[in-house]
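Every number here is computed from the coordinates shown, using simple stated rules; none is lab data. Please read these numbers as outputs of a predicted model, since none were measured by experiment. Methodologically, a virtual Cβ is constructed for each residue, glycine included, from the backbone with ideal geometry; neighbour enumeration extends over all protein chains shown.
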Amino acid sequence: MVPVQSSRPQPAPSALLAQQGPAAGDGGAYSTSAVPPEQRAPPAVREERRQPAAYSAPPARQQPPPAEEEEEANDYDSDEATTLGSLEFGLLYEQESNSLICSILKAKGLKPMDSNGLADPYVKLHLLPGASKSNKLRTKTLRNTRNPAWNETLTYHGLTDEDMQRKTLRLSVCDEDKFGHNEFIGETRVALKKLKMNQKKNFNVCLERVIPPGKEGGEVEERGRILMSLMYSTQTNRLIVGVVRCVHLAAMDANGYSDPYVKICLKPDMGKKGKCKTQIKKRTLNPEFNEEFSYDIKHSELAKKSLDISVWDYDIGKSNDYIGGCQLGITAKGERLKHWYECLKNKDKKIERWHTLYNENHVASD
């Protein structure tokens with residue numbers, strides 16, 4: 001199992017823990033050290049394959065607070081400047097591993113939320129824009145304190161340079177209620193384009209009272225990421241498509257997991273021979289498939305084709321649930337177009353790329 005979320009710091013930086021399910025009462029992923037052995041990260045050997053990013057939370061309509069200049073963020077050092085409190089954290093973007101490492105250190109002078117004049121605070125992270133609740137990162141909860149020291153590390157994997165230019169990290173401090181009605185204390189936001197590659201930046205900022213608006217109906221959701229490989233073989237005149245793995249899939253079952261499989265369809269005019277699907281992986285949001293499929297097709301015809309990719313949750317005795325999908329081809333955009341173009345241009349070379357899965361444009365399950 002490939003690590004998809006870090007938890008609190010360990011003696012070795014490489015021993016990041018994997019995370020699978022959402023947090024109870026929060027709809028998000030909870031970071032904890034009590035992780036089964038099969039979810040632990042492999043030995044500290046850097047993979048060439050890049051890991052995907054975790055996305056979460058619907059985009060907020062309100063603009064990020066303007067007082068986010070780097071100098072101001074570093075100069076703040078008083079818990080009296082705000083009634084909500086302050087948050088101290090560090091951010092590091094490792095370009096080689098495409099990882100955003102978030103060090104959540106401590107908060108000071110948080111607003112009292114409980115009848116005893118204290119709070120039970122934790123920190124939630126969201127990458128905006130993004131809407132998959134299964135991909136939220138959060139710290140542990142500390143009890144009865146207005147000055148919590150978490151000292152935890154949470155990591156988003158697979159963030160590309162393009163993501164760093166367009167995404168914003170929202171850090172929300174919340175009070176955990178034993179009856180499940182968690183309360184929002186305050187938040188801060190950091191435009192990731194302000195970070196310098198491979199240089200850690202420390203922040204000590206006032207929390208803002210920016211209440212996230214409710215999700216609007218019909219909004220396009222990110223449902224996870226999928227790693228695909230493409231290669232056109234001139235020896236066999238075949239397009240070889242590899243379904244490698246998925247991460248951060250949306251949970252479709254009551255147990256907080258899914259039983260995912262992937263369907264691919266080369267179209268148009270391919271008929272049944274254009275359709276393939278992987279094996280089903282049980283109870284996981286981060287399945288590894290490592291399966292390849294090939295299509296007998298002339299290289300000159302690929303420019304007219306597109307590859308539909310869809311991920312499904314298998315259900316016994318009823319219709320399978322659509323998790324998310326995407327399409328590669330000349331009519332696609334961004335990374336999906338670039339991947340297809342690189343395959344056409346570089347014959348006999350396997351090219352792997354991560355792609356975001358969305359909840360729209362799905363086809364009927366079989």
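What's the local net charge at LEU128, with K and R +1, D and E -1, over the other residues with C-beta under 10 Å away?
Numbers: positive: ARG166, LYS167, ARG170, ARG189; negative: none.
Result for the neighbourhood of LEU128: +4.
Residues of the stretch 325-354 with amide nitrogen under 17 Å from the 7 Å Cα-to-Cβ point of GLN235?
Counting only backbone N, you get 347-351.
With only Lys, Arg, Asp and Glu charged, each at its Cβ (+1 for the first two, -1 for the last two), find how big the charge dipole of the stretch 222-358 is about the Cα centre; round to the nearest 20 debye.
Charge dipole of the stretch 222-358: 400 debye, to the nearest 20.
Note the full-extension length gain between GLU288 and GLN165 as 0.36 nm times their separation in residues minus their Cα-Cα distance, in nm to one decimal.
41.4 nm
Run down the lysines and flag those whose C-alpha is under 20 Å from the C-alpha of LYS305, throwing out any fewer than 8 positions away in its chain.
Correct list for LYS305: LYS263, LYS267, LYS272, LYS273, LYS275, LYS277, LYS333, LYS338, LYS345, LYS347, LYS349, LYS350.
With r as the distance between the Cβ atoms of THR145 and LYS298 and R0 = 51 Å, compute the FRET efficiency 1/(1 + (r/R0)^6) and round to 0.05.
0.15
Along the Cα→Cβ direction, 7 angstrom out, place labels at LYS193 and ASN346. What is the inter-label distance in nm?
Result: 2.7 nm between the two label points.
Excluding CYS246 itself, calculate the net charge of residues whose Cβ lies under 11 Å from the Cβ of CYS246, where each Lys or Arg counts +1 and each Asp or Glu counts -1.
+3
Multiply the residue gap between ARG209 and GLN279 by 0.36 nm, knock off their C-alpha separation, and tell me the result in nm, one decimal place.
Fully extending the segment from ARG209 to GLN279 adds 20.5 nm.
Roughly speaking, what is the centre-to-centre gap between the stretch 108-179 and the stretch 180-205 when only Cα atoms are used, to the nearest Å?
If you average the Cα positions of each part, the centres end up 9 Å apart.
May I ask for the net charge around LEU118, where only other residues with Cβ less than 14 Å from the Cβ of LEU118 are counted and Lys, Arg are +1 while Asp, Glu are -1?
-1
Restricting attention to the stretch 99-197, which trypsin sites (Lys or Arg not before Pro) occupy a DSSP loop and are surrounded by at most 14 other Cβ atoms within 10 Å? Let's see the in-between values first.
On the way: sites: LYS106, LYS108, LYS124, LYS133, LYS136, ARG138, LYS140, ARG143, ARG146, ARG166, LYS167, ARG170, LYS178, ARG189, LYS193, LYS194, LYS196; in loops: LYS136, LYS140, ARG143, ARG146, LYS167, LYS178, LYS196.
When the trypsin sites (Lys or Arg not before Pro) of the stretch 99-197 are filtered for loop state and at most 14 Cβ neighbours within 10 Å, ARG143, LYS178, LYS196 remain.
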